Amino acid sequence: MKKTILSGVRPSARPHIGNYFGAMKQFVDMQYDKDFDGADKYFAIVDLHTLDANKGEAMRQASIDIALDYLAIGIDPKISNIFLQSYTSYHPELAMIFSYLVTVPYLMRGHLYKDAEAKGKEVIAGTFLYPVLMAADILMYDATHVPVGIDNKQHLEITREIARKFNHEYNVEYFKEPKEYMISEVQLVPGIDGKKMSKSYGNHIPLFSTREEIEKLVKKIVTDSGSDIPENVYAIHKLVRDEKELKDIYEENKGKYKILKDILIGDLDNFIRPFREKREELSKNMDYVYEVLKQGNEKTKQIAQMRMGEIKKICGLGM
Ligand code: AMP
């Protein structure tokens with residue numbers, strides 16, 4: 001079976017180390033994984049999923065920033081396609097078709113909707129329909145493997161349900177059921193307050209932080225005085241340093257939170273610096289970044305156009 005990898009990142013704010021370890025690192029690693037030799041690889045900048053966070057020029061800039069981020073972490077345009085979700089109107093068109101396959105009570109179980117509702121605000125329809133648009137992003141390209149963080153597991157279940165429903169209602173075997181692709185040791189990456197690291201909670205460590213930012217953020221990590229090992233410091237530390245080494249370090253420095261935080265600052269900076277420098281270098285050649293995006297956009301446009309032609313025919317839409 002032909003394998004196709006697809007995933008995306010929202011251009012809502014700068015990506016953080018939770019995005020990297022939860023999902024983006026897999027984008028890079030899968031490029032060199034023998035299991036995915038010959039697989040098509042697509043990494044989207046999912047701007048339509050972000051209309052609530054950015055407006056106008058800020059949105060365009062944030063999208064370009066994600067293209068730079070992708071290249072800086074090691075996505076190789078000779079192997080993978082980087083593209084902008086809104087480059088064509090095919091994704092929302094497919095999402096509209098899919099919205100007729102799922103019920104409101106079913107979507108009300110979605111975690112994004114539930115989280116938004118729990119905040120006591122009126123939930124925008126875009127948030128409610130987020131999983132439907134995500135299903136369109138994935139099924140458009142017949143993706144078989146979707147590298148995402150564990151918080152997206154439910155969205156993949158909804159995507160499979162939509163694929164099954166479409167095939168059943170139209171009596172076809174058109175859509176394949178995609179699998180999430182997660183690294184089991186990396187569950188949810190916690191933020192500096194111990195809760196899920198998230199751009200919207202303001203508890204995140206940006207992936208391209210400067211040394212000064214790292215210092216400031218690590219100093220703010222909440223430490224619980226009840227234990228010799230500061231749990232929240234360790235949870236972030238183990239992402240960037242071997243746990244065997246950490247065992248000795250934390251044993252030697254039991255209860256010495258300041259020393260442990262200083263070691264974490266150094267380790268995080270060593271880890272982030274090469275990404276930061278690569279990004280800086282790439283930002284001096286924006287023509288290259290735009291060219292990469294142009295090629296990815298054109299390639300995915302052709303596929304989406306062809307697939308939407310087939311899908312609309314199945315649905316009896318268009319002439
Ligand atoms: P976003 O662009 O916010 O949708 O996130 C991009 C990817 O990062 C998605 O696959 C998310 O599942 C993943 N992700 C976001 N936050 C975390 C976290 N704290 N830990 C692990 N993965 C995450």
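Here are a few things to note about the model shown:
- Unmet requirement for Thr144, which otherwise passes all of (1) in contact with a strand residue (DSSP E or B) (Cβ under 8 Å, 6 or more places away or on another chain); (2) farther than 22 Å from Ala44 by Cα: (2)
- Total residues in the range 97-112, condition among the hydrophobic types (A, V, I, L, M, F, W, C), under 12 Å from Tyr130 (Cα atoms) and surrounded by 14 or more Cβ atoms within 10 Å (Cβ to Cβ): 3
- Of residues in the range 159-196 being of a type in the set (Ser, Thr, Tyr) and assigned to a loop (DSSP other than H, G, I, E, B), the one farthest from the ligand (Cβ to nearest atom): Tyr170
- Helices (runs of 4 or more DSSP H) fully within the range 1-114 counting 3 or more residues that are among the acidic types (Asp, Glu) and out of contact with any His (no Cβ under 8 Å at 6 or more places or on another chain): 57-73
- In the set Asp33, Asp76, Asp40, Asp47, only one residue is acidic (Asp, Glu), away from the ligand (no atom under 14 Å from the Cβ), touching a Ser or Thr at 6+ places or on another chain (Cβ under 6 Å) and modelled with pLDDT of 95 or more; that residue is Asp40.
- When Ile205 is tested against (1) free of Cβ contacts under 8 Å to residues at least 24 places away in the same chain; (2) under 30 Å from Val222 (Cβ atoms); (3) more than 10 Å from the ligand (Cβ to nearest atom), exactly one condition is not met: (1).
- Enumeration of residues in the range 197-209 that are closer than 18 Å to Tyr70 by Cα and part of a loop (DSSP other than H, G, I, E, B): Ile205, Leu207, Phe208, Ser209
- Among the residues of the range 1-44, the one identified as free of Cβ contacts under 8 Å to residues at least 40 places away in the same chain and either hydroxyl-bearing (Ser, Thr, Tyr) or not assigned by TED's automatic domain parsing to the domain that holds Val292 (or both) is Tyr32.
- Some residue of the range 245-265 being touching a residue at least 24 places away in the same chain (Cβ under 8 Å), of a type outside the set (Asp, Glu) and within 16 Å of the ligand (Cβ to nearest atom): no
- Within the set Tyr70, Tyr87, the sole residue that is modelled with pLDDT of 95 or more, touching a strand residue (DSSP E or B) at 6+ places or on another chain (Cβ under 6 Å) and crowded, with 19+ Cβ neighbours inside 10 Å turns out to be Tyr70.
The values are calculated or read from the model by the stated rules, or taken from the named source; none is laboratory data. Just so we're clear, the structure is a prediction, and the values are computed from it rather than from any experiment. As a convention, Cβ positions derive from the backbone with ideal geometry for all residues, glycine included, and neighbour counts pool all protein chains shown.
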